[in-house]
């Protein structure tokens, strides 16, 4: 029986590290959030945080 146990690969040696699983899970969650935001198309972006007073005035640069 000892011979059979020595021939079997140790599952712990070949397991994916916990930090790799964490990075993969985080990446999947971020990707899903991005997909949901794009599909909703709720005008997400820098313009959403504008004060709503129209376009910013153009200030000429002095040379």
**OP:** Evaluate the distance, in nm, between pseudo-label points positioned 7 Å from the Cα of residue 26 and of residue 62 along their respective Cα→Cβ axes.
**Re:** 4.8 nm
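Taking R0 as 35 Å, what FRET efficiency do you get between residue 39 and residue 14 from their Cβ-Cβ distance, rounded to the nearest 0.05? Let's see the in-between values first.
Working: r = 38 Å, r/R0 = 1.09.
Computed FRET efficiency for residue 39 and residue 14: 0.40.
Readers should treat all values here as calculations from the given coordinates under stated rules, not as data from a laboratory. Since this is a predicted model, take the numbers as computed values, not measurements. We place every Cβ from the backbone using ideal geometry, glycine too, and count neighbours over all the protein chains shown.
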